[in-house]
1. Give the number of residues within region 59-91 that are at pLDDT 95 or above, among the β-branched types (Val, Ile, Thr) and out of contact with any strand residue (DSSP E or B) (no Cβ under 7 Å at 6 or more places or on another chain).
2. Being over 16 Å from GLU136 (Cα atoms) and surrounded by fewer than 17 Cβ atoms within 10 Å (Cβ to Cβ), is that true of even one residue in region 32-46?
3. Return a yes/no flag: does region 132-142 have any residue that is touching a residue at least 40 places away in the same chain (Cβ under 8 Å), in contact with a helix residue (DSSP H, G or I) (Cβ under 9 Å, 6 or more places away or on another chain), surrounded by 11 or more Cβ atoms within 10 Å (Cβ to Cβ) and within 30 Å of MET22 (Cα to Cα).
4. Can you pull out the residues in region 5-37 that are among the hydroxyl-bearing types (Ser, Thr, Tyr) and part of a helix (DSSP H, G or I)?
Amino acid sequence: MRKFFRDETGVGAIEFALIAPMLAIVLLGIMSGWAYYQQNNYMRDGLEVAGKYFLQGGTSEETATSIAEAAWSGKPADGTVAVSKTCICAGAAASCSGVCSDASVPETHWTIEASSVFNDPFFVNPMFPDGLTLYEREVIRVR
């Protein structure tokens, strides 16, 4: 019986069998986090490209939406982009078609918003549950 308890053959295999599942869970968690980060960055990239369109003199909401959607790599089917325009005179909302009371041109603010739902491709990470909403917003001020 003593010989049986002193036998150390196979100890490495037993240790690996105990540690391998934990390492696999950590690896899948890292991969889930990377997928979340990557999807969020792709969405942000689309907004930045649409923002550059306005900074270069663009004025069409439809064109900006199309540009943002085209620049959003791997855009999921439920991904949405919304563009809106507001004008401001002396800190207050104003009509975009006229001039301010001081005869200046109103500041134009373009708001570009994107949202999507993140679904964990590995289904193991409690930090990124299925149905986690991704949201980005960018406001561009044009004079």
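The values are calculated or read from the model by the stated rules, or taken from the named source; none is laboratory data. This is a predicted model, so every value here is computed, not measured. Note: ideal-geometry Cβ built from the backbone for every residue, glycine included; neighbour counts use all protein chains shown.
1. 2
2. So the first thing to find is which residues in region 32-46 are over 16 Å from GLU136 (Cα atoms), and the list is 32-35.
This time we only want the ones that are surrounded by fewer than 17 Cβ atoms within 10 Å (Cβ to Cβ), so: 33-34.
Yes, that holds for at least one residue.
3. Yes, that holds for at least one residue.
4. Initial filter on region 5-37 (among the hydroxyl-bearing types (Ser, Thr, Tyr)): 9, 32, 36-37.
Residues satisfying the conditions are SER32, TYR36, TYR37.
Results for (1) under 30 Å from SER115 (Cα atoms); (2) aliphatic (A, V, I, L, M); (3) modelled with pLDDT of 90 or more, shown as yes or no for each residue.
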site: PHE5; (1), (2), (3): no, no, no
site: GLU8; (1), (2), (3): no, no, no
site: ILE14; (1), (2), (3): no, yes, no
site: LEU23; (1), (2), (3): no, yes, yes
site: TYR36; (1), (2), (3): yes, no, no
site: TYR42; (1), (2), (3): yes, no, yes
site: LEU47; (1), (2), (3): yes, yes, yes
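Condition check ((1) within 13 Å of ILE140 (Cβ to Cβ); (2) surrounded by fewer than 14 Cβ atoms within 10 Å (Cβ to Cβ)) across all residues:
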{"residue": "ALA50", "(1), (2)": "yes, no"}
{"residue": "THR63", "(1), (2)": "no, no"}
{"residue": "ALA70", "(1), (2)": "no, yes"}
{"residue": "GLY74", "(1), (2)": "no, yes"}
{"residue": "GLY79", "(1), (2)": "no, no"}
{"residue": "THR86", "(1), (2)": "yes, no"}
{"residue": "CYS89", "(1), (2)": "no, no"}
{"residue": "ALA92", "(1), (2)": "no, yes"}
{"residue": "SER95", "(1), (2)": "no, yes"}
